[in-house]
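The values are calculated or read from the model by the stated rules, or taken from the named source; none is laboratory data. Since the structure is predicted, the reported quantities are computational estimates derived from the model, not experimental observations. Here the Cβ positions follow ideal geometry from the backbone for every residue, glycine too, while neighbour counts run over all protein chains shown. All accessible areas refer to the heavy atoms of the entire protein, side chains included, with ligands and DNA or RNA removed. Shrake-Rupley method; radii C 1.70, N 1.55, O 1.52, S 1.80 Å.
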Amino acid sequence: MEHPVDRRDSRLVLSHIIFAYIAMLLGGIAGLLQGLVRGGMIELPAGIGYYQLLTAHGVLMALVFTTFFIIGFLYSTAVKTLGGKLLPVARNLGWLGFIHMAFGTLLATVMILLNKATVLYTFYAPMQASPFFYVALVFIVVGSWMSGFGLFYQYKVWRREHKGKLSPLLAFMAIVTMLLWQIATIGVALEVLLQLIPWSFGWVETVNVMLSRTLFWYFGHPLVYFWLLPAYMCWYVMIPKIIGGKIFSDALARLSFILFLLFSIPVGFHHQLMEPGISPFWKYLQVVLTFMVVIPSLMTAFSLFATFEISGREKGGRGLFGWWKLLPWKDVRFFAPFVGMLVFIPAGAGGLINASNQMNAVVHNTLWVTGHFHLTVATSVALTFFGITYWLVPAMSGRTLTARMNKLGIIQTILWAIGMFFMSGSMHTVGLFGSPRRTAYTTYGDHPDAVLWMPYHVAMAIGGTILFIAVLLMIYNLFALMRTPQGYTEYPIAEVTEHAESTPPLLERWGVWISLVVVLILLAYTVPVMEMLQHDVPGSKGFVTW
Amino acid sequence: MHIHKLEKIWLTFGIAMLIVFLVVLGVATFSMGMAPPSHSHAIDPEQIENTPPFDEPGLKQVGENEYEAVMIAYTFGYKPNDLTVPVGATVHFKVTSPDVVHGFAIPNTNVNMMIVPGEVNHITYTFDEAGEYLVLCNEYCGGGHEFMRTVITVQ
């Protein structure tokens, strides 16, 4: 059978996916050990620090696994929807980006293992890592920009060759996701290039701590939407095809992506609500902007369940919920992302609590927050990425998704859900009691409050162990998928239902939307950042406290 | 752009709830004194020991059963260690850091704030019940982060 995808393109996509999963395996080992330490079950052998593992876990999972997977996936959408293969310029930029990011990852990992960068993945100043850790981050970010430019180039050429036509929905979504990333990473790039690198090399003596935190969180919140939007692409475009349905509305799908682009950036202060030096007015303003993403989230929930119901009814489902039974529960391509979607309901509700201005005091920096993002990114997003892997890898390598692999995928999903139920459930609960996040085993001198937290920490370790087994199974599945019999696997892209109305071309007027993004960012950040710059505080010297 | 009738109802309801919720947050923040700790109170982190009131950290009575607690959060502890106040005392905490970023949290209360070098953060709490209140650092601050604690005894 003819190879469905140009080998040069599938090699680029698969390299990203494999690199992502290797990072997940290493991050998973770190995560398992952390869980066991915090649960008081083991002590680390001499030389390895808890916070070193925590740094490795955060960097490898949150930054490396996600970014590599997402870029690989976005390139595959460009291959499939923008001309059938990558243009040489796009492919070369993709490889250039890959090499830069891979080098940055290796350098950062070495620095972490050498205990030169035990600063966690948020690297808050004035803790000062080795300058080479910050240089490594520059390689990762700049590499991702190159990959982004490759995608933009492919899209631009497609539009030039299809004047007046609406771009494919999947490609549009990929471009929004990459645009969001590029605008968001400007913040962390400024922090690292203008503040941390000169300071860590000793070219300047001090750093403006509040400014560095603000630039970090200007990036840190849209980062989570950069993780989420590719999952939404799967939910909006791939899942309808897998369940034999159609996309509810092209226009609303595009509108919700545009709303995420607008409202995920000017909102970083909701991570800094408990901090001095930012006035309550500007915090509240960004809280309001944060909550605007509720609107596209409601739109998404509606569209998805409308698609499920319509397709179930077309298959003959009767009664109020008869369609529910007709969903393809035994198909991992549906089941894994669907579990992710279900988890997103409590995950989103937890997020609303976190961002609720003064209410944040109850949960800020407690294990509740850790529990929260293990539901959002580590379940909703991760399970969706796993679900994508089951068809993306065979589709790219010209192989089939066998019944056995499908079954292993279902088992992997269930294991993950059970492990996360225990781990994230205990984190949420004990977080409400005040147990702090990012803290090694301690009973605070046997203080009665802290002693009461221990059973929950043990439950976290048990959940974490189940999750680690699920990580190993996923790694096995990935490599087994590359050895299934040769053949054809569908790359599922749904069509829009014939009942949907046409999409207004305004949604693809990038000039309009980027200008609006800039206006919102200036509105939310200009005054508070000016205040930070004019502050008469001398900056901070660097500290190595680990 | 056409929007399905059921979706219109869903979105209208959702957006109305959102507005009510944000108004509640805003009213509580700005007219009921519940703003999160946000003081802009600059200090030179290297001169803390010479800058009042941090040259004399400790507890100072400022009214009837009302105290000001001036504290320094450092790697890896709080100065002064182990405060004692009477039941019902209202304590105004003023805390800063001479080194890295720390946390200042008292579990089972709403006391939870970030201590950033160069800034003094403020929070007020009334201790209505007797007990030993754990104060802990909830922002990673280095190798001994998990040992950073103190106790406030309310009796």
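A few notes on this one:
- Number of positions in region B:104-122 that are within 20 Å of A:Leu211 (Cβ to Cβ), within 7 Å of another protein chain (Cβ to nearest Cβ) and not charged (D, E, K, R): 7
- Top-ranked residue of region A:407-441 - restricted to ones that are touching an Asp or Glu at 6+ places or on another chain (Cβ under 9 Å) and surrounded by fewer than 19 Cβ atoms within 10 Å (Cβ to Cβ), ranked as farthest from the other protein chains (Cβ to nearest Cβ): A:Ile410
- Any chance B:Gly143 is of a type in the set (Gly, Ala, Ser), buried (at least 20 other Cβ atoms within 10 Å of the Cβ) and facing chain A (nearest Cβ under 8 Å): no
- Residue count for region B:123-132, restricted to those that are in a strand (DSSP E or B) and more than 8 Å from every other protein chain (Cβ to nearest Cβ): 6
- The condition of being in contact (Cβ under 8 Å) with a residue 60 or more places away in the chain, under 15 Å from the mean Cα position of the chain (by Cα), surrounded by 24 or more Cβ atoms within 10 Å (Cβ to Cβ) and under 19 Å from A:His428 (Cα atoms) does not hold for A:Val377.
- Region A:205-240, residues that are within 14 Å of chain B (Cβ to nearest Cβ), in a helix (DSSP H, G or I) and touching a residue at least 60 places away in the same chain (Cβ under 8 Å): A:Val209, A:Met210, A:Leu211, A:Ser212, A:Arg213, A:Thr214, A:Phe216
- Residues being surrounded by fewer than 19 Cβ atoms within 10 Å (Cβ to Cβ) and either touching an Asp or Glu at 6+ places or on another chain (Cβ under 6 Å) or of a type outside the set (S, T, N, Q) (or both) - total across region A:476-490: 9
- Residues (open to solvent by 40 Å² or more (accessible area, probe 1.4 Å), touching a residue at least 40 places away in the same chain (Cβ under 8 Å) and within 14 Å of chain B (Cβ to nearest Cβ)) located in region A:499-536: A:Glu501, A:Ser502, A:Pro504, A:Pro505, A:Val527, A:Glu531, A:Leu533, A:His535
- Enumeration of residues in region B:12-41 that are of a type in the set (A, V, I, L, M, F, W, C) and buried (at least 16 other Cβ atoms within 10 Å of the Cβ): B:Leu18, B:Leu22, B:Leu25, B:Ala28, B:Met34, B:Ala35
- Check on A:Ser10, open to solvent by 20 Å² or more (accessible area, probe 1.4 Å), part of a helix (DSSP H, G or I) and among the polar types (S, T, N, Q): no
- Any hit, region A:456-466, residues being within 14 Å of another protein chain (Cβ to nearest Cβ) and either in a helix (DSSP H, G or I) or surrounded by 21 or more Cβ atoms within 10 Å (Cβ to Cβ) (or both): yes
- Evaluation of B:Val135 against (1) in contact with a strand residue (DSSP E or B) (Cβ under 6 Å, 6 or more places away or on another chain); (2) crowded, with 24+ Cβ neighbours inside 10 Å; (3) within 7 Å of chain A (Cβ to nearest Cβ) (one fails), failing number: (3)
- Among the numbered conditions (1) assigned to a loop (DSSP other than H, G, I, E, B); (2) in contact with a strand residue (DSSP E or B) (Cβ under 7 Å, 6 or more places away or on another chain); (3) not small (Gly, Ala, Ser), the only one that A:Asp449 does not meet is (1).
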